[in-house]
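A.B. asks: Before anything else, here's the structure in question.
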Amino acid sequence: MAGEVIKSFATPAGVPWGLAFDGRYLWNSDTSTDRIYQLDLDGAVIRSFATPGGIQAGVAFDGRYLWKCSESTNLIYQLDLDGAVIRSFATPGELSSGLTFDGRYLWHSDWAKKLIYQLNIDGKIIRSFAVPGTTTQGLTFDGRFLWNSDYITELIYQLDLDGAVIRSFATPGGETRGLAFDGKHLWSCDSATGLIYQLNIN
């Protein structure tokens, strides 16, 4: 059943915000420590590093680099896997939330503007559309569709690339922030429960 929890585990610091998958590991940003943690799929910490900008938000992986956005600085940062900043640019909105990469473009959600933006890797807006909920947070791409979480409606939405809702299901926790896709399952992190969940989407 879609949204069914397969397993869950505690996050390293307890206030997870962003989540990404690199093909083997999860990357989780935590706003209580301003760090990004590399985790195996059972939650063991491989390593961590401090990140720029307070109030951590979305994290994305592009095959080589990490990208992260900060709600306090409203910047998107490109980082190497040791946390060194390669470059940054301003977000198009006012309050950063989700971030993902589709193989060519970044997708970024902003909960003040209630928009999802498609951006090139220099920050230029390709297009944008309204989110289906009220307080957009997590964002990930599954190879064909976007997934977007909203912690007010407490739903995870599957969207086509024009923003049309294909389906939705309830989040496992009260404040789902980050989303990631591992090729088969969806992962979510929740700042209310302090847990990362692996979810069935079939």
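A.B. asks: For segment 9-37, how many residues are within 22 Å of ASP150 (Cβ to Cβ) and among the aliphatic types (A, V, I, L, M)?
C.D. replies: Qualifying residue count, segment 9-37: 4.
A.B. asks: Would you confirm, using the coordinates I've provided, whether LEU41 is surrounded by fewer than 17 Cβ atoms within 10 Å (Cβ to Cβ), within 19 Å of LEU186 (Cβ to Cβ) and of a type outside the set (Gly, Ala, Ser)?
C.D. replies: Working: surrounded by fewer than 17 Cβ atoms within 10 Å (Cβ to Cβ): yes; within 19 Å of LEU186 (Cβ to Cβ): yes; of a type outside the set (Gly, Ala, Ser): yes.
Answer is yes for this residue.
A.B. asks: Restricting to segment 104-142, what's the tally of residues that are under 20 Å from TYR65 (Cα atoms), surrounded by fewer than 20 Cβ atoms within 10 Å (Cβ to Cβ) and of a type in the set (Val, Ile, Thr)?
C.D. replies: Counting residues in segment 104-142 that are under 20 Å from TYR65 (Cα atoms), surrounded by fewer than 20 Cβ atoms within 10 Å (Cβ to Cβ) and of a type in the set (Val, Ile, Thr) gives 1.
A.B. asks: Hey, among the residues in segment 84-103 that are out of contact with any Ser or Thr (no Cβ under 6 Å at 6 or more places or on another chain) and within 21 Å of SER48 (Cα to Cα), which one's least open to solvent (accessible area, probe 1.4 Å)?
C.D. replies: Per the criteria, the residue is LEU99.
A.B. asks: Next question, about the same structure. Any residue at all in segment 67-75 that's farther than 28 Å from ASP122 by Cα, open to solvent by less than 60 Å² (accessible area, probe 1.4 Å) and in contact (Cβ under 8 Å) with a residue 40 or more places away in the chain? Explain how you work it out, then say what you get.
C.D. replies: In the first step, residues of segment 67-75 are kept if they are farther than 28 Å from ASP122 by Cα; the result is none.
Taking every residue of segment 67-75 in turn, none turns out to be farther than 28 Å from ASP122 by Cα, open to solvent by less than 60 Å² (accessible area, probe 1.4 Å) and in contact (Cβ under 8 Å) with a residue 40 or more places away in the chain.
A.B. asks: Same structure again: Just to check your reading of the model, which residue among GLU94, GLU4 is of a type in the set (Asp, Glu) and either within 19 Å of ASP142 (Cβ to Cβ) or out of contact with any strand residue (DSSP E or B) (no Cβ under 9 Å at 6 or more places or on another chain) (or both)? So that I can check it myself, show each step before the final result.
C.D. replies: Working: GLU94 fails: either within 19 Å of ASP142 (Cβ to Cβ) or out of contact with any strand residue (DSSP E or B) (no Cβ under 9 Å at 6 or more places or on another chain) (or both).
None of the other options fit; the residue is GLU4.
A.B. asks: Condition first: assigned to a loop (DSSP other than H, G, I, E, B) and closer than 26 Å to LEU199 by Cβ. Now tell me which residues in segment 92-103 satisfy that.
C.D. replies: In the first step, residues of segment 92-103 are kept if they are assigned to a loop (DSSP other than H, G, I, E, B); the result is 92-95, 102-103.
Selection gives LEU95, ASP102, GLY103.
A.B. asks: Restricting the search to segment 106-142, which residues are among the acidic types (Asp, Glu) and not in a loop (DSSP other than H, G, I, E, B)? Give the steps one after another, and end with the answer.
C.D. replies: Step one: filter segment 106-142 for residues among the acidic types (Asp, Glu), giving 110, 122, 142.
Passing the criteria: only ASP110.
A.B. asks: Taking segment 24-37 as the search range and keeping residues that are free of Cβ contacts under 8 Å to residues at least 24 places away in the same chain and either farther than 21 Å from ALA192 by Cβ or not polar (S, T, N, Q) (or both), which one is surrounded by the fewest Cβ atoms within 10 Å (Cβ to Cβ)?
C.D. replies: At the first step, the residues of segment 24-37 found to be free of Cβ contacts under 8 Å to residues at least 24 places away in the same chain are 24-25, 32-35.
Those left that are additionally either farther than 21 Å from ALA192 by Cβ or not polar (S, T, N, Q) (or both): 24-25, 34-35.
Values: ARG24: 10, TYR25: 17, ASP34: 17, ARG35: 17.
Top of the filtered list is ARG24.
The values are calculated or read from the model by the stated rules, or taken from the named source; none is laboratory data. Given the structure is predicted, the values throughout are model-derived calculations rather than measurements. All Cβ positions, glycine included, derive from the backbone under ideal geometry; neighbour counts span all protein chains shown. For the accessible areas, the whole protein counts, side chains as well, though only heavy atoms, and no ligand, DNA or RNA atoms are used. Shrake-Rupley method; radii C 1.70, N 1.55, O 1.52, S 1.80 Å.
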